[in-house]
Amino acid sequence: MKSLKKADVVVIGAGAAGMMCAAVAAAKGKHVILIDHASKLAEKIRISGGGRCNFTNLYASPANYISENPRFCRSALARYTPQDFLKLLSQYQIRWHEKHKGQLFCDDSSQQIIDMLADECDKAGVKWSMETSVLNIDQSEAGWLVETSAGSILVNSIVIATGGMAIPKIGATDFGLKLARQYKVKVVEPRPALVPLTFAQDVWQPFVELAGISLEVNIRSSSGGEFREDLLFTHRGLSGPAVLQISSYWQHGDALLINLLPEVDLSSWLIERKLGCKQQINTVMSELLPRRLLDFWLSKHGLMNKVLADISDKSLRQLGQSLNQWAVIPNGSEGFKKAEVMRGGVDTKELDSKTMMVKKLEGLYFIGEAVDVTGWLGGYNFQWAWASAQAAGQAV
Ligand code: FDA
């Protein structure tokens, strides 16, 4: 018969938030057991940021997060900042650089972040239980009983750090959401976010030939959100940072409004240059857009190779509007298989924003991506993982 162990805290999920939380709690002297069902440690950190982990964003603030309660993340983010994480990196001599808009990446490899967090856990005396499945969790007068494939553990506190449902093939599950529902803790419906968007085949067919083109655009969704980022045309639809960002706001049925020439008011620009202009419109506009995209758009409007002076103002306005306000309606997304994160999760109304504990269930905590706090692309999701983990780690 498997034995009953006792500990102060069980953390379930040894990813970004779980390792940070376990290390913080153990450093305070708590007896902590860290459980994960995977054999490889923190796969999401490893593959993040193209293998260099965009581990935080210098400008992370509540405005960069989506949640039913946008104020919930304030306290944790204020108490553990990007600078705090940088202090930890400096203790491990991990070199980093800023890429774009405050996004910080490792110079060498995301493995350094995994090794650093694992070392913090080891130094603090965290007990590892990898390749362990959690079979059942029960609350009793004596505490929380966690039944696992490696035996049962009786603890005062359980921290759920099992992340979101993005990329199931590397171990993502809906464990946190199922547990929440089991204990009547409300959940904001989960859906894929930071994900490429797709289109009905007949809608996208004319654009397939644009696959591979990338350019900076301004993008908006009718449900909110607005970003200036790079857009990528693919065979199936749209991707690139612009679409990943807006996908977190996009709802079924919404149109995307894309300004393919955000620096230029094209109708006025063309009409100003039109008088006496004997050049073809393709030549006049050649500096504005990638060649393939320009030719495609001019052909669509029947303007290919036309002399600018011969084109009516009405046609120029139509062309200007279609490039400055291209409206397209996606039919869906590439789903959790391709998403970087999950939007939704444990409803923040159920949690204490200072500790991450479920208000009505003493000793049960949710942190990281399992909570309904979803960051933009650019290091914000890891910053939330670190900050929420610190809040719970200090509190357990
Ligand atoms: P995380 O997913 O890190 O950890 C959850 C852990 O729980 C995993 O180890 C898993 O095995 C374990 N688990 C799950 N179910 C379990 C169960 N039933 N039993 C036991 N264990 C279980 N963010 C960012 O800020 N910058 C970036 O560069 C990137 N890049 C990026 C690339 C890609 C491809 C993806 C998919 C995601 C990103 N992200 C990102 C998002 C980021 O990886 C994510 O938000 C954090 O890892 C979330 O941290 P958590 O600790 O909450 O979950």
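The values are calculated or read from the model by the stated rules, or taken from the named source; none is laboratory data. Just so it is clear, the model here is predicted, and its values are computed rather than measured. In this analysis, Cβ positions are derived from the backbone assuming ideal geometry, glycine residues included, and neighbour counts consider all displayed protein chains.
Summary of computed values
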| item | result |
| --- | --- |
| Within the stretch 58-73, considering residues that are in a helix (DSSP H, G or I) and touching a residue at least 12 places away in the same chain (Cβ under 8 Å), the one nearest to the ligand (Cβ to nearest atom) | Asn64 |
| Options Gly344, Gly335: the member that is outside any strand (DSSP E or B), on the phi > 0 side of the Ramachandran plot and small (Gly, Ala, Ser) | Gly335 |
| All strands (runs of 3 or more DSSP E) inside the stretch 1-57 with 2 or more residues being more than 8 Å from the ligand (Cβ to nearest atom) and either surrounded by fewer than 17 Cβ atoms within 10 Å (Cβ to Cβ) or in contact (Cβ under 8 Å) with a residue 40 or more places away in the chain (or both) | 4-6, 9-12, 32-35 |
| So Asn282, is it assigned to a loop (DSSP other than H, G, I, E, B) and surrounded by fewer than 19 Cβ atoms within 10 Å (Cβ to Cβ) | no |
| Residue check, Ala385 modelled with pLDDT of 95 or more and either near the ligand (Cβ under 10 Å from one of its atoms) or over 19 Å from Cys21 (Cα atoms) (or both) | yes |
| Pair list, Cβ < 9 Å and 6+ apart or interchain, from the stretch 103-114 residues that are more than 17 Å from Met19 (Cβ to Cβ) and in the same structural domain as Leu89 (by TED's automatic domain parsing) to residues that are crowded, with 21+ Cβ neighbours inside 10 Å and polar (S, T, N, Q) | Gln103/Asn54; Gln103/Thr56; Gln103/Asn57; Leu104/Asn54; Leu104/Thr56; Leu104/Asn57; Phe105/Asn54 |
| Only one of Leu194, Leu177, Leu210 that is closer than 30 Å to Leu288 by Cα, buried (at least 19 other Cβ atoms within 10 Å of the Cβ) and of a type outside the set (D, E, K, R) | Leu194 |
| Single unsatisfied condition, Arg220 versus (1) crowded, with 16+ Cβ neighbours inside 10 Å; (2) closer than 24 Å to His37 by Cβ; (3) not hydrophobic (A, V, I, L, M, F, W, C) | (2) |
| For Ile170: the one exception among (1) of a type in the set (A, V, I, L, M, F, W, C); (2) surrounded by fewer than 21 Cβ atoms within 10 Å (Cβ to Cβ); (3) at pLDDT 95 or above; (4) within 15 Å of the ligand (Cβ to nearest atom) | (3) |
| Residue in the stretch 322-333 that is of a type in the set (Ser, Thr, Tyr), within 30 Å of Ser222 (Cβ to Cβ) and free of Cβ contacts under 8 Å to residues at least 40 places away in the same chain present | yes |
| Residues that are buried (at least 21 other Cβ atoms within 10 Å of the Cβ) and assigned to a helix (DSSP H, G or I), drawn from the stretch 237-254 | Pro241, Ala242, Val243, Leu244, Gln245, Ile246, Ser247 |
